[in-house]
Amino acid sequence: MSLVTLTEILAESREKKYAVGAFDTFDAMNTEAVISAAEEKNVPVILMVCDYSFEAPNADRFFADALNRCRTASVPVCMHLDHGPSFEAVMKAIHYGCSSVMIDGSSLSLEENVAITKKVVEVAHACGVSVEAEIGHVAGHEGNTDDGNVADETAYTRLADAVRFYEETKVDALAVAIGTVHGVYKGEPKLDFDRLDAIREKIPVPLVMHGGSGLSEQNFKDAIRHGISKVNFYTGMSLAGANAAREYLDANKIADLGEAVEIGYKASKDVVLKHLDIFGTQPLSK
Ligand code: 13P
């Protein structure tokens, strides 16, 4: 198949009322779990890479292998930079072959977020790369398993800000804060669907929900019905893999490393398979 942009992979999601899963990877095992799950279901998927991987000792090989796996997949795959913290990080991701980038100015003032996002959109679009940005702020950090996070209502996306932000930046996808958090939730997540409806009505590009781990099947279905087109997910996949490997190691005094890795891989992949079903992801028609 082919490497596609975020715009291409999300093109039919709104109209057909499904979401495309976006899963982070930090190693070849996670990359394989994400892409082979999508191949098994015959649906498109978004493989997300992070700026921390730029600093890894094997960064060049990691990105080259991830890009190669995306390009040779039997389904459409978008390789996307998740939470790009700066213009430089975005440039690096484009250099490594990402077909989509997120510039995350959500901790900046609205004016600063608009300014950095406009700059990224201009350069990324010149390279044929899609851009996601965030307005409002989703708390926490993917992979965070400490004592959990609670959504901060004061940082939820405000409709007027979203409209102004979209009009000034013309981003290809917009991440919104409606009650999710990254990492493990403290307490029950409560999503603000009225806010999401109002944003969806005014913003013509796909909307993104970060912090997928810890939401119920019903939460996902409702969020998608109310206009979410891309769901970001990582912690749940990582925890499932780690817990399965730990169970095997705890149960076997003399353990095989390859077996532990394989067990972790399968558990992570099962989480991806399950969520691709929940998101209702459909094959692209063209
Ligand atoms: P979780 O780790 O909470 O699933 O969030 C992932 C995410 O939003 C990445 O951007």
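Would you call Leu196 open to solvent by less than 30 Å² (accessible area, probe 1.4 Å), more than 14 Å from the ligand (Cβ to nearest atom) and of a type outside the set (Ser, Thr, Tyr)? Working first, answer last.
Numbers: open to solvent by less than 30 Å² (accessible area, probe 1.4 Å): yes; more than 14 Å from the ligand (Cβ to nearest atom): yes; of a type outside the set (Ser, Thr, Tyr): yes.
Here the answer is yes, as Leu196 does meet what is asked.
Quick check: anything in region 271-281 under 30 Å from His137 (Cα atoms) and open to solvent by 60 Å² or more (accessible area, probe 1.4 Å)?
Looking only at region 271-281, we keep the residues that are under 30 Å from His137 (Cα atoms), and these are 271-281.
After this cut, where a residue has to be open to solvent by 60 Å² or more (accessible area, probe 1.4 Å) as well, the list is 274, 277.
Yes, that holds for at least one residue.
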- Which members of region 66-98 meet the condition of being more than 19 Å from Phe26 (Cβ to Cβ) and in contact with a Cys (Cβ under 8 Å, 6 or more places away or on another chain)? Ile94
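Per-residue answers, yes or no, for (1) on the phi < 0 side of the Ramachandran plot; (2) at pLDDT below 85; (3) among the β-branched types (Val, Ile, Thr); (4) away from the ligand (no atom under 13 Å from the Cβ):
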position	(1), (2), (3), (4)
Ser106	yes, no, no, no
Glu112	yes, no, no, yes
Glu134	yes, no, no, no
Thr154	yes, yes, yes, yes
Phe165	yes, no, no, yes
Thr169	yes, no, yes, yes
Lys190	yes, no, no, yes
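Here is a yes/no grid of residues against (1) out of contact with any strand residue (DSSP E or B) (no Cβ under 7 Å at 6 or more places or on another chain); (2) assigned to a loop (DSSP other than H, G, I, E, B):
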residue	(1), (2)
Thr7	no, no
Arg14	no, no
Phe23	no, no
Asn30	yes, no
Ala37	yes, no
Ile46	no, no
Val49	no, no
Tyr52	yes, no
Pro57	yes, yes
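Residues checked against (1) outside any strand (DSSP E or B); (2) free of Cβ contacts under 8 Å to residues at least 60 places away in the same chain; (3) open to solvent by 10 Å² or more (accessible area, probe 1.4 Å):
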| residue | (1), (2), (3) |
| --- | --- |
| Asp65 | yes, yes, yes |
| Asn68 | yes, yes, yes |
| Cys78 | no, no, no |
| Glu88 | yes, yes, yes |
| Lys92 | yes, yes, yes |
| Ser106 | yes, no, yes |
- Message: Among the residues of region 171-181, what is the count of those that are at pLDDT 95 or above and in contact with a Leu (Cβ under 7 Å, 6 or more places away or on another chain)?
- Response: 5
- How about region 124-159: which of its residues are closer than 18 Å to His83 by Cβ, out of contact with any strand residue (DSSP E or B) (no Cβ under 7 Å at 6 or more places or on another chain) and of a type in the set (Gly, Ala, Ser)? Gly143, Ala151, Ala155
- Matching residues in region 233-260 (β-branched (Val, Ile, Thr) and either more than 13 Å from the ligand (Cβ to nearest atom) or open to solvent by 40 Å² or more (accessible area, probe 1.4 Å) (or both)) number 1
- Selection status of Gly140, farther than 23 Å from Lys16 by Cβ, under 19 Å from the mean Cα position of the chain (by Cα) and open to solvent by 10 Å² or more (accessible area, probe 1.4 Å): yes
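Per-residue answers, yes or no, for (1) part of a loop (DSSP other than H, G, I, E, B); (2) closer than 18 Å to His80 by Cβ; (3) of a type in the set (D, E, K, R):
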site	(1), (2), (3)
Ala115	no, no, no
Glu122	no, no, yes
Asp161	no, no, yes
Leu174	no, yes, no
Ile178	yes, no, no
Gly183	yes, no, no
Glu188	yes, no, yes
Asp194	no, no, yes
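The values are calculated or read from the model by the stated rules, or taken from the named source; none is laboratory data. Since this is a predicted model, take the numbers as computed values, not measurements. In this analysis, Cβ positions are derived from the backbone assuming ideal geometry, glycine residues included, and neighbour counts consider all displayed protein chains. When the accessible area is computed, the model is the full protein with side chains, heavy atoms only, and any ligands, DNA or RNA have been set aside. Shrake-Rupley method; radii C 1.70, N 1.55, O 1.52, S 1.80 Å.
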